[in-house]
Amino acid sequence: MSDKFIFRFVTVITIVVIGLVILLNRHLIPGPAVAPSFTPYLPMLNAILNGTCTILLLVSLYFIRQGNIKVHKNLNILTFSLSALFLVSYVLFHYLMRNEILYGDINGDGLLSDSERAAAGGMRTLYLCILTPHIILAAGVLPLILLSFHRGLQMQVAKHKKLVRWTFPIWLYVTASGVIVYLMIRPYYHF
């Protein structure tokens with residue numbers, strides 16, 4: 001496969017995934033009238049997957065620094081697979097859930113009253129300060145992950161290293177902040 005094909009493939013995948021997430025977050029794709037009983041467990045599953053990916057990324061870094069390419073490669077394949085599973089679970093949750101979940105929405109009506117906003121106080125600002133770069137970087141890291149993964153599997157070490165200098169810290173932030181975002185928003189889930 002040529003580089004041109006890979007770049008086009010990564011571009012298409014990235015556009016489709018980001019477009020789907022936007023459509024689901026804006027509730028432009030109608031989901032079921034009643035969410036299945038497993039739906040409330042998906043955010044926790046997503047946090048577990050993100051936390052596991054965070055640990056695997058750090059362990060993978062350790063092994064590549066030790067020169068153990070085989071373990072590094074296997075850990076990255078596992079991390080990539082779990083990230084793909086996370087993405088499916090994330091998209092599924094946003095398809096199934098019709099209610100907007102807002103930090104500070106104590107009564108679960110999907111609106112943030114002045115009293116709820118006041119009760120949330122500075123923690124809401126902190127939450128949004130973590131969430132905003134999490135969302136932006138999650139969208140931006142997808143093509144970097146796909147390209148880094150491809151370069152690594154092809155043993156194009158120099159190109160892989162150049163990409164991973166950017167991919168690794170962004171991916172690590174996205175997975176770790178995903179867990180933090182979940183822990184912060186969890187009290188406001190009203191299933």
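The values are calculated or read from the model by the stated rules, or taken from the named source; none is laboratory data. None of these values were measured; they are calculated from a predicted model. All Cβ positions, glycine included, derive from the backbone under ideal geometry; neighbour counts span all protein chains shown. When the accessible area is computed, the model is the full protein with side chains, heavy atoms only, and any ligands, DNA or RNA have been set aside. Shrake-Rupley method; radii C 1.70, N 1.55, O 1.52, S 1.80 Å.
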Which helices of the chain meet both criteria: a Cα extent of 15 Å or more along the helical axis and a mean Kyte-Doolittle score no lower than 1.6, with helices taken as whole DSSP H segments?
3-25
Per residue, what accessible area does the chain have, given a 1.4 Å probe and all protein chains present, in Å²?
59 Å²
Can you tell me, using C-alpha contacts under 8 Å and at least 6 residues apart, the relative contact order of the chain as a whole percent?
29 percent
Any chance you could run the full-extension gain for Leu61 through Asp114? It's 0.36 nm times the residue separation minus the Cα-Cα distance, nm to one decimal.
14.5 nm
Could you please put Arg98, Arg151, Arg124 in sequence from largest to smallest accessible area, using a 1.4 Å probe?
Arg98, Arg124, Arg151
In deg cm²/dmol, rounded to the nearest 500, the helical mean residue ellipticity at 222 nm of the chain, built from -39500 (n - 2.57) for every DSSP H run of length 4 or more, is -27000 deg cm²/dmol
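Give me the percent of accessible area attributable to carbon and sulfur for segment 105-148, probe 1.4 angstrom.
The value for segment 105-148 is 71 percent carbon and sulfur by accessible area.
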Percent of Cα pairs exceeding the 16 Å cut-off, where the set is segment 37-82
43 percent
Give me the one-decimal nm value for the distance between modelled label points at Asn68 and Tyr189, 7 Å along each residue's Cα-to-Cβ direction.
3.4 nm
Only Cα pairs within less than 10 Å get springs; with that Gaussian network setup on the chain, which residue of Gly67, Gly51, Gly31 has the largest fluctuation?
Gly67
So, with points 7 Å from each Cα along the Cβ direction, the Gln156-Val88 label distance in nm works out to 2.7 nm
Within segment 21-113, chymotrypsin sites (Phe, Trp or Tyr not before Pro) in DSSP loop having at most 14 other beta-carbon neighbours inside 10 Å:
Phe38
Write down Rg/Rh for the chain, rounded to two decimals, with Rg from the C-alpha atoms and Rh from the Kirkwood relation over Cα pairs.
1.01
